[in-house]
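Beneath this line is the structure, given in structure tokens, with notes to follow.
The values are calculated or read from the model by the stated rules, or taken from the named source; none is laboratory data. Source: prediction; values computed, not measured. Neighbour counts run over all protein chains shown; Cβ positions are idealised from the backbone, glycine included.
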């Protein structure tokens, strides 16, 4: 007994003559006859665009089972388009049903259906993290929540590509934190202020500048309205505070330069000035 569900295919291929199969064939014939009279009957369409699209999806890291599930069709039908059915002695199909073509061509690679190790563009990941920093979330806190070291986190923000696994984690973190106040989740006032100042100095767009349907589009432009601009002196003051804070935490001058996107020589000069200032303001010891 065939495991095929009752309907047109079971009537034609398995010879089932139950009411359900007979009704399906009658409906198909009726639809076909009406379409023929209107001149719109198109039972087949070229399979080449479907084949090309499947190959493109596979090059993005999607397996044939994943593509079939996303399109809502049986994997063997896609196999017939790509390589044919050797067990039946047939090669790749030249024609496919229009409904199958429409279903497959509608499938696009997304974070939900790509393999976790697939490498993709990092634009959306960067925008989400930068928006969170602009909201007052320090990069260290974000790195901890993602299970990353500060060094790896900084490298990710500088890279052009990320794996899908990381992009999914960042998207989940963004959805969790974008409306939350960092100060109510363990971020002290100083760290909150430094994060916002750092994002403002680098021109990172805030959360409200992005819509869900544009944040991953590299061609999209943030809607920031009339952004607040820091003066040159204010930017210099913010920069010195950031360098002083990182230096006090024991971060090396090279790492500070890397994190802030500055020249090492500039960072070294500011650290030297800060140390000199500390020595000048330090009170002298009482005479013995």
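Return yes when residue 36 is within 30 Å of residue 113 (Cα to Cα), surrounded by fewer than 16 Cβ atoms within 10 Å (Cβ to Cβ) and without any contact (Cβ under 8 Å) to a residue 24 or more places away in the chain and no when it is not.
On the way: within 30 Å of residue 113 (Cα to Cα): no; surrounded by fewer than 16 Cβ atoms within 10 Å (Cβ to Cβ): yes; without any contact (Cβ under 8 Å) to a residue 24 or more places away in the chain: yes.
The answer is no for residue 36.
Quick check on residue 263: is it under 30 Å from residue 171 (Cα atoms), in contact with a helix residue (DSSP H, G or I) (Cβ under 9 Å, 6 or more places away or on another chain) and at pLDDT 80 or above? Reasoning before the result, please.
Details: under 30 Å from residue 171 (Cα atoms): no; in contact with a helix residue (DSSP H, G or I) (Cβ under 9 Å, 6 or more places away or on another chain): yes; at pLDDT 80 or above: yes.
The answer is no for residue 263.
Kindly indicate which of 218, 283 is assigned to a loop (DSSP other than H, G, I, E, B), loosely packed, with under 10 Cβ neighbours inside 10 Å and at pLDDT below 75.
Working: 218 fails: at pLDDT below 75.
One residue alone meets the criteria, 283.
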- Message: Take the conditions surrounded by 13 or more Cβ atoms within 10 Å (Cβ to Cβ) and part of a loop (DSSP other than H, G, I, E, B) and apply them to residue 6. Does it pass?
- Response: yes
- Query: Just wondering, is there one or more residues in the range 201-208 that are part of a helix (DSSP H, G or I) and free of Cβ contacts under 8 Å to residues at least 24 places away in the same chain?
  - Reply: yes
- Task: Please specify each residue of the range 149-169 satisfying the condition of being over 20 Å from residue 111 (Cα atoms) and surrounded by fewer than 17 Cβ atoms within 10 Å (Cβ to Cβ).
- Result: 149, 150, 151, 152, 155, 158
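Quick one: would you say residue 43 is more than 27 Å from the chain's Cα centre (by Cα) and either farther than 24 Å from residue 217 by Cα or in a helix (DSSP H, G or I) (or both)? Show your work before the answer.
Details: more than 27 Å from the chain's Cα centre (by Cα): yes; either farther than 24 Å from residue 217 by Cα or in a helix (DSSP H, G or I) (or both): yes.
So residue 43 fits the description; yes.
If I ask for residues that are at negative phi and touching a residue at least 40 places away in the same chain (Cβ under 8 Å), which ones from the range 49-68 would you list?
The answer is 49, 50, 51, 53, 54, 57, 60, 62, 63, 66, 67.
One line per residue, one yes/no per condition, for (1) touching a helix residue (DSSP H, G or I) at 6+ places or on another chain (Cβ under 9 Å); (2) at pLDDT below 90:
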{"residue": "11", "(1), (2)": "yes, yes"}
{"residue": "20", "(1), (2)": "yes, no"}
{"residue": "36", "(1), (2)": "no, yes"}
{"residue": "67", "(1), (2)": "yes, no"}
- Name the pairs: first residue in the range 260-271 and under 19 Å from residue 200 (Cα atoms) and outside the structural domain of residue 236 (by TED's automatic domain parsing), second residue at pLDDT 85 or above and in a helix (DSSP H, G or I), Cβ to Cβ under 9 Å, at least 6 apart or on different chains? none
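Kindly provide the set of residues from the range 197-208 that are farther than 14 Å from residue 129 by Cβ and surrounded by 14 or more Cβ atoms within 10 Å (Cβ to Cβ), ordered by number. Step through it out loud before you land on a result.
Our first condition is that a residue be farther than 14 Å from residue 129 by Cβ; within the range 197-208, this holds for 197, 200-201, 203, 208.
Residues satisfying the conditions are 197, 200, 201, 208.
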- Failed item, numbered, when residue 141 is tested on (1) over 15 Å from residue 202 (Cβ atoms); (2) surrounded by fewer than 18 Cβ atoms within 10 Å (Cβ to Cβ): (2)
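Looking at the range 109-125, is at least one residue over 30 Å from residue 210 (Cα atoms) and exposed (fewer than 12 other Cβ atoms within 10 Å of the Cβ)?
No - not one qualifying residue is present in the range 109-125.
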- Message: Can you tell me which of (1) touching a strand residue (DSSP E or B) at 6+ places or on another chain (Cβ under 7 Å); (2) on the phi > 0 side of the Ramachandran plot; (3) in contact (Cβ under 8 Å) with a residue 24 or more places away in the chain is the one residue 84 doesn't meet?
- Response: (3)
- Task: Tell me which of these residue 223 doesn't satisfy, since it passes every other one: (1) more than 28 Å from the chain's Cα centre (by Cα); (2) at pLDDT below 85; (3) farther than 25 Å from residue 152 by Cα.
- Result: (1)
